[in-house]
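All of the numbers you see were taken from the coordinates with simple rules; none came from a lab. These figures come from a predicted structure and were not determined experimentally. Methodologically, a virtual Cβ is constructed for each residue, glycine included, from the backbone with ideal geometry; neighbour enumeration extends over all protein chains shown.
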Amino acid sequence: HTKNNGRNGYNFFQRSMNTIAQSQLQLVNDLWLALERAELRLFYQPKYTAPSGPIVGLEALLRWQHPQRGLLPPDIFLPLAEKSGLIIHVGNWVINEACRQLRCWHQQGHENWSVAVNLSALQFEQSSLVDTVVTALEKHQIPPRLLTLEVTETTAMRNPDESVRILTALTALGVRASIDDFGTGYSSLLYLKRLPASELKIDRAFVNELSENSGDATIVSAIVALAKSLNLKVVAEGVETPQQQNFLTSLGCNSLQGYLLGKPIPPERIDELQEFISTDARQTVA
Ligand code: C2E
Ligand code: MG
Ligand code: MG
Ligand code: MG
């Protein structure tokens, strides 16, 4: 009996592994095609000076307009893109596309807007990254200071000496670095001090449950104090309520991002967003 069950268990395992492998292989394959067929798109989420404006920049967030499955968020395909190495091509496309879009906005008169691009761990560690960034900046004639590169705290602390070296090379170009999802990783404060970043983004998890009497308020205060002492700006992500907006502002966050102020939207709807911002800002002030 035991032997039989074991065999059946093994067969089942084998079959489900094959199915997973197959569907993943299919997804990687489809993602290659998606690049060729221009099915990838960037949405943009505004980042505001606290509490309600003006816009300081927009973060590019990747989407896949899948012909059968509709609009796919990055969680669905980025982990696999990272595992297969395809993220390098996808990431190059993102950097270029974000610079192209920023150039368009500049030509439309939004000359102070900056754009932020998320980097994956693998992409961050590629020696070709500096070249990719330089090429994109030159091609689209973007002043380097208007491009921000976001790396997560976890990525930055994976190999801290390397990260200092990479970020030093990148920021030497004049671009800015931002440490994303801060508070969820394990930072060495010694390395944090050495990283040439200009911004910390407080992870959404701490903003989520924020209220005057939650422990998260203490954590946010501590992160703000740490950032200030290291001369870094603080951005809070995932701001969904006016209470969070006011509280984060009073705790000293420099900028805010979240569904309350603006969801990620396709670039062609950016004018709509601006109208929304001005009415929203008036409501907030009033
Ligand atoms: P992230 O960089 O931390 O981006 C913030 C995520 O939170 C985005 O999810 C955004 O849509 C979402 N968000 C923003 N405001 C709110 C809010 O108020 N409430 C809630 N519940 N969510 C909010 P998204 O677009 O699904 O992206 C998820 C993650 O995927 C990003 O986290 C980033 O790590 C990664 N990602 C996105 N685009 C790229 C890319 O082009 N390259 C790389 N390597 N990673 C990317
Ligand atoms: Mg980000
Ligand atoms: Mg984040
Ligand atoms: Mg994140």
Considering all alpha-carbon pairs of the range 51-137, what whole percent are spaced by more than 18 angstrom? 52
Could you pull out every one of the aspartates and glutamates with an alpha carbon less than 12 Å from that of Lys228, ignoring same-chain neighbours closer than 8 positions? Glu199
Over the chain, what relative contact order in percent results from Cα pairs under 8 Å that are six or more residues apart? 17
Taking only the Cα positions of the range 100-145, the convex hull volume per residue in Å³ is 71
Assigned charges on the beta-carbon of Lys, Arg, Asp, Glu; the chain dipole about Cα centre (debye): 540
How far, in nm, would the chain grow between Tyr186 and Val130 when pulled straight, counting 0.36 nm per residue and subtracting the alpha carbon separation? 17.6 nm
For the range 13-159, what number results from the quotient of the Cα radius of gyration and 2.2 N^0.38 Å? 1.16
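Relative to the Cα centre, what is the charge dipole magnitude of the range 84-160, using +1 at the beta carbon of each Lys and Arg, -1 at the beta carbon of each Asp and Glu, and rounding to the nearest 20 debye? Before the final figure, lay out the partial values.
Details: 5 positive and 7 negative charges, 25 e Å.
So the magnitude is around 120 debye.
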Of all DSSP beta bridges in the chain, antiparallel share, percent nearest 5: 40
According to a simple spin-label model (label point 7 Å from Cα along Cα-to-Cβ), what is the distance in nm between Asp75 and His110? 2.6
10 Å-binned pair-distance histogram of the range 79-214 (Cα, whole percent): 12, 40, 33, 13, 2, 0
Give me, ordered by chain and number, the residues 5 or more places off His66 or on other chains with an amide H under 5 Å from its own placed amide H. Leu71, Leu72
Largest-first principal axis extents of the Cα set of the range 18-62 (Å): 51, 23, 8
Kindly provide the GluC sites (Glu not before Pro) of the range 105-210 that DSSP labels as loop, not H, G, I, E or B, and whose Cβ sees at most 12 other Cβ atoms within 10 Å. Glu111, Glu209
Cα pair distances in the chain, grouped into 10 Å bins until the bin that holds the longest one, percent each: 6, 26, 32, 23, 9, 4, 1, 0
Please list 69-79, 53-63 highest first by mean number of surrounding beta-carbon atoms within 10 Å per residue. 53-63, 69-79
